[in-house]
Amino acid sequence: MLNAIKISGRTKKGLGIGFFNAITEKTEATIKNNTTGTIRKSVTNPFSNYNILVLDQQFNQNSSIALINTNVTRNGRFRDANVSALTWHLETKNSKYYADGSFKLSAISDDVNHPNTGYTFDNSLGYNAGHWNWEVGYNLRNKDFNPNDLGILFSNNQQSIYGNIGWRTLQPTKNFNSYRFGLYNQARFQHYSGIYTGNNAGINFSAQTKTRFTFGSNLNYGSENKDFFEPRQGTTSGIYFLQPQRLNLNGWISTNSQKLFQLDANGYHTTFSNNPKTGYGFSIAPRYRFNNQFSLRYRLNFNKTNDDQGYVDEVDNNIVFGIRDRKNYTNTISGKYSFSTNSSLSLSFRHYWEAVSYTNFHNLNAVGGLDLNTNYTSENVNFNNWNLDLNYIWQFAPGSQLIAFYRNSIFNDDTNANLSFFENLNNLFEQSQKHTLSLRVVYFIDYNKIKKILHTFS
């Protein structure tokens, strides 16, 4: 990044204005042909300009309407992208009923593989007053909507009808500060064809006791689902994988955060109908506050899926799926020491490990099922990522900061998926390390102060 600027504020009449602009330098990759030995350079990202503009008008106390535009302009033959959005949140004067929604339009130039223009629409009507709250809505994303140049969207070409209803306490009871129940349901369809793809539904509960111990649970159901994304053939190809019916149960706890010691934990188990696939996992995160200046937190996440089924390759017009066991660990340690209200030092360590072991392979058939393929072979996957971050922040003026950052990182990707945890860790530390050091200054310019200075000299 060569330069970035942000301007934001709100007028007395409730108009919020936000503007962001950033410029990035051209980056190149050096590519070597292992057969001929020739070396060439290729531009991976050209000189580019990123721009965001937001106009947000508040009215009638709790209502608002906003116009948002994001734009990416790249130098040369690379593609440009623009996304415009109109969003709204409208409430009645008593704030009991509301309408919430958006309409977005994306336009991409110089993209030969996809049409240029796409759109998405979402709107819901709801009630939120007293013990009860509910919401019903409709959402669609057409097959060409793509905001990913300056945003993120995992899937398009979908539409859904959704709704939820809940009940909650308004006053503490004898044993609880609060508790609530909820139900939700979502019916999904492919937007391009209108084909029904599946349904999700669930029930949830959460509560907090008088001692500020919080706990909750969710029971989630997913119907058999026509998945047009997993085969990687494009959502308009008509090719899909039939995901099995799913039942998921999870629960969580959190102890009193006002105490010196706090513990957060959760766990889940997922089963699939008429399918050997199962999944389970847990997370545990103790935190200890030594004093008002120093606290330390550790978090362990573990997830395991047995007999998972997913895309691997395409060979001789056959779409190959693999049956595999997947596991991942995430170990995180984070701490923060505050020297004062304006100065702090934070430490963050994170190790992520994912291993995938294949047992056999299948070809995707015309009705979304799998037929055994005894000829295909593929290697296992073993992925590791390690980061150790040290970050010092000094706020030397209101809204202005000096930030010093150091990172130690290690990356490894091989086929040793069957190693034990500590064997894998030893293997990771045999890889080369990368060190990053940066110094950043952010200075806040107060318009009102500048106005007063200019008025003084005028």
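The values are calculated or read from the model by the stated rules, or taken from the named source; none is laboratory data. Only a predicted model underlies this, so the values are computations on that prediction, with no experimental measurement involved. Cβ atoms come from the backbone with ideal geometry, glycine included; neighbour counts cover every protein chain shown.
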key: Selection from the stretch 240-267 of residues that are part of a strand (DSSP E or B), under 17 Å from ASN200 (Cα atoms) and not hydrophobic (A, V, I, L, M, F, W, C)   = GLN243, ARG246, ASN248, ASN250
note = In the stretch 55-68, anything exposed (fewer than 14 other Cβ atoms within 10 Å of the Cβ) and closer than 23 Å to PHE19 by Cβ is listed as PHE59, LEU67
Members of the stretch 15-53 found to be surrounded by 13 or more Cβ atoms within 10 Å (Cβ to Cβ) and either hydrophobic (A, V, I, L, M, F, W, C) or more than 25 Å from ASP80 (Cα to Cα) (or both), listed by number = LEU15, GLY16, ILE17, PHE19, PHE20, ALA22, ILE23, VAL43, PHE47, ILE52, LEU53
Subset of the stretch 426-451 (residues that are of a type in the set (Lys, Arg) and modelled with pLDDT under 80) = LYS449, LYS451
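Name the residue, out of SER178, SER155, SER160, SER254, that is surrounded by fewer than 17 Cβ atoms within 10 Å (Cβ to Cβ) and touching a Phe, Trp or Tyr at 6+ places or on another chain (Cβ under 9 Å).
Values: SER178 fails: touching a Phe, Trp or Tyr at 6+ places or on another chain (Cβ under 9 Å); SER160 fails: surrounded by fewer than 17 Cβ atoms within 10 Å (Cβ to Cβ); SER254 fails: surrounded by fewer than 17 Cβ atoms within 10 Å (Cβ to Cβ).
Sole residue among the options that is surrounded by fewer than 17 Cβ atoms within 10 Å (Cβ to Cβ) and touching a Phe, Trp or Tyr at 6+ places or on another chain (Cβ under 9 Å): SER155.
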message = Going residue by residue through the stretch 385-393, is there one that turns out to be of a type in the set (A, V, I, L, M, F, W, C) and either in contact with a His (Cβ under 8 Å, 6 or more places away or on another chain) or not assigned by TED's automatic domain parsing to the domain that holds ASN331 (or both)?
response = yes
task = Would you check which residues across the stretch 75-87 are among the basic types (Lys, Arg) and in contact with an Asp or Glu (Cβ under 6 Å, 6 or more places away or on another chain) and list them?
result = ARG79
remark   = Taking the stretch 338-388 and the residues there that are at pLDDT 95 or above and of a type in the set (Asp, Glu), the one that is nearest to ASN416 (Cα to Cα) would be GLU354
key: Test: VAL367 is in contact (Cβ under 8 Å) with a residue 24 or more places away in the chain, on the phi < 0 side of the Ramachandran plot, of a type in the set (A, V, I, L, M) and part of a loop (DSSP other than H, G, I, E, B)   = yes
task = Being of a type in the set (A, V, I, L, M) and either in contact (Cβ under 8 Å) with a residue 24 or more places away in the chain or touching a Cys at 6+ places or on another chain (Cβ under 7 Å) (or both) is the filter here, so list the residues in the stretch 73-97 that pass it.
result = ALA81, VAL83, LEU90
ask   = If you check every pair at least six apart or on different chains, which have Cβ atoms under 6 Å apart with a residue in the stretch 371-388 that is touching a residue at least 60 places away in the same chain (Cβ under 8 Å) first and a residue that is of a type in the set (Gly, Ala, Ser) and part of a strand (DSSP E or B) second?
value = none
inquiry  = Just to be sure before I move on: is ILE203 among the hydrophobic types (A, V, I, L, M, F, W, C) and free of Cβ contacts under 8 Å to residues at least 24 places away in the same chain in the structure I sent?
reply    = yes
message = Looking for something in the same structural domain as THR92 (by TED's automatic domain parsing), under 22 Å from PRO147 (Cα atoms) and among the charged types (D, E, K, R) - is there at least one such residue anywhere in the stretch 48-62?
response = yes
Filter pass, PHE444 being surrounded by 10 or more Cβ atoms within 10 Å (Cβ to Cβ) and within 29 Å of ILE333 (Cβ to Cβ) = no
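Take the residues in the stretch 217-242 that are acidic (Asp, Glu) and under 22 Å from the mean Cα position of the chain (by Cα), then tell me which one is surrounded by the most Cβ atoms within 10 Å (Cβ to Cβ).
Taking the stretch 217-242 as the starting set, the residues that turn out to be acidic (Asp, Glu) are 224, 227, 230.
Next cut, under 22 Å from the mean Cα position of the chain (by Cα) only: 227, 230.
Values: ASP227: 16, GLU230: 18.
Here the answer is GLU230.
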note = Here the residues within the stretch 425-441 that are among the polar types (S, T, N, Q) and either more than 27 Å from the chain's Cα centre (by Cα) or exposed (fewer than 11 other Cβ atoms within 10 Å of the Cβ) (or both) are ASN426, ASN427, GLN431, SER432, GLN433, SER438
request  = Evaluate the following for LEU419: is it in a loop (DSSP other than H, G, I, E, B), within 30 Å of LEU296 (Cβ to Cβ), touching a residue at least 24 places away in the same chain (Cβ under 8 Å) and among the hydrophobic types (A, V, I, L, M, F, W, C)?
outcome  = yes
